[in-house]
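All remarks here apply to the structure that follows.
Any read-out appearing in this document is the output of simple, stated calculations on the displayed coordinates, not a laboratory observation. Note that the structure is predicted; figures quoted are calculated from it, not measured. Cβ placement follows ideal geometry from the backbone for every residue including glycine, while neighbour counts extend to all protein chains displayed.
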Amino acid sequence: MTSPLVIAIDGPAAAGKGTIAKRLAAHYGLAYLDTGLLYRAIGRLAHERGLDLGDGAAVGAVARELDPASLDDAALRGREAGELASRVAVHRQVRDALTSFQRAFAVMPGGAVLDGRDIGTVICPDAQVKIFVTASPEVRARRRTDELLAKGRAVDYGTILAEVRERDARDAGRAAAPLKAAPDARLLDTSEMDIEAAFRAACGIVDEAPYRDED
Ligand code: CDP
């Protein structure tokens with residue numbers, strides 16, 4: 001008997017990993033966890049409480065209190081929450097506080113898809129399928145800008161590109177669980193793909209994964 005399917009999706013901001021992960025979960029009948037929401041919720045809570053976001057001990061205490069049932073809040077999906085998330089996500093204390101919740105989610109009986117920055121490397125190193133979704137910073141900034149413009153926000157491409165680069169540098173440069181592809185992850189570069197093509201490519205990776213032939 002094979003164990004339930006776990007798919008780990010990692011990658012930088014606006015590469016398409018959230019949409020791909022959600023669609024894979026629906027397609028293969030798996031539970032889905034957007035782990036970025038955990039960091040976003042902690043960033044926002046810490047900010048609301050006026051904490052110094054550079055204080056790992058104080059922000060770690062917020063992380064240990066987090067109620068994962070409180071993640072269903074549209075405000076968490078905004079740009080500001082993303083910024084706050086990446087600032088609190090550098091702390092070891094914050095990451096450690098979230099590890100057991102994420103791992104418990106991953107081992108649920110029906111299988112799961114998790115997306116984030118360190119799923120294939122730290123949270124689920126034994127996931128049967130690992131995909132590192134990426135795209136050039138320019139393409140990602142263009143997508144983010146178009147998304148925000150479609151929501152009626154006044155944003156400009158240059159500002160978003162600078163934000164994308166800054167966030168990449170912070171996520172990849174931190175000591176605790178930096179953003180990087182696991183050695184056994186398949187790379188999916190979506191720079192030249194629309195979401196439909198990216199989803200089909202991701203399904204191809206899942207269908208080809210060795211676990212599918214095991215019994
Ligand atoms: O899609 P986008 O990158 O805008 O947002 P997200 O996936 O919600 O991640 C927001 C921030 O949370 C990232 O820039 C990371 O710093 C952090 N994060 C992390 O460190 N580890 C994760 N597993 C997920 C998010």
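In order along region 103-110, the Karplus-derived 3J(HN,Hα) couplings, from 6.51 cos²θ - 1.76 cosθ + 1.60 at θ = phi - 60°, round to 5, 5, 4, 5, 9, 5, x, x Hz, and Gly and Pro are given as x. Counted over region 6-198 with a bin width of 10 Å, the fraction of Cα pairs per bin, in whole percents, is 9, 36, 39, 15, 1.
Here the label points at residue 176 and residue 75, each 7 Å from Cα along the C-beta direction, are separated by 2.4 nm in the simple model. Across region 70-81, computed HN-Hα scalar couplings (Karplus, 6.51 cos²θ - 1.76 cosθ + 1.60, θ = phi - 60°) run 8, 8, 8, 9, 4, 4, 5, 8, x, 5, 5, 5 Hz from first to last residue, x flagging Gly and Pro.
For region 1-110, the percent of C-alpha pairs falling in each 5 Å distance bin, counted from 0 to the bin holding the largest distance, reads 2, 11, 21, 22, 19, 13, 7, 3, 1, 0, 0. List the relative contact order of the chain as a percent without decimals, with contacts defined as Cα pairs under 8 Å and 6+ residues apart. Reported relative contact order: 33 percent. Amide H contacts for residue 113 (H built 1.01 Å from N in the peptide plane; partners 5 or more residues away or on another chain; cut-off under 5 Å): 7, 31, 32, 33.
So if I take the alpha carbon set of region 2-65, get Rg, then get Rh from the Kirkwood formula, what is the Rg over Rh ratio? If you can, show how the numbers build up before the last one.
Details: Rg = 15.5 Å, Rh = 13.9 Å.
A ratio of 1.11.
Evaluating kT/(6 pi eta Rh) at 25 °C and 0.890 mPa s, with the Kirkwood radius of region 139-215 over Cα pairs in the Stokes-Einstein relation, gives 161 µm² s⁻¹. What's the longest uninterrupted piece of the chain once you rule out the trypsin sites (Lys or Arg not before Pro) that are loop residues per DSSP with at most 11 other Cβ within 10 Å? Here the longest run is 50-150. Amide H to amide H distances under 5 Å link residue 134 with 188, 189, 190, where only residues 5 or more positions off or on other chains count and H is placed in the peptide plane.
Computed per residue of the chain from DSSP H runs no shorter than four, each worth -39500 (n - 2.57), the mean residue ellipticity at 222 nm is -15500 deg cm²/dmol. Please state the Cα pair-distance histogram of region 52-114 with 10 angstrom bins from zero: what percent is in each bin? Histogramming region 52-114 at 10 Å steps yields 19, 46, 30, 4 percent. 3J(HN,Hα) couplings calculated from phi for region 125-139 with the Karplus curve 6.51 cos²θ - 1.76 cosθ + 1.60 (θ = phi - 60°) are, in sequence order, x, 9, 3, 5, 10, 10, 10, 9, 8, 9, 6, 5, x, 5, 5 Hz; Gly and Pro show x.
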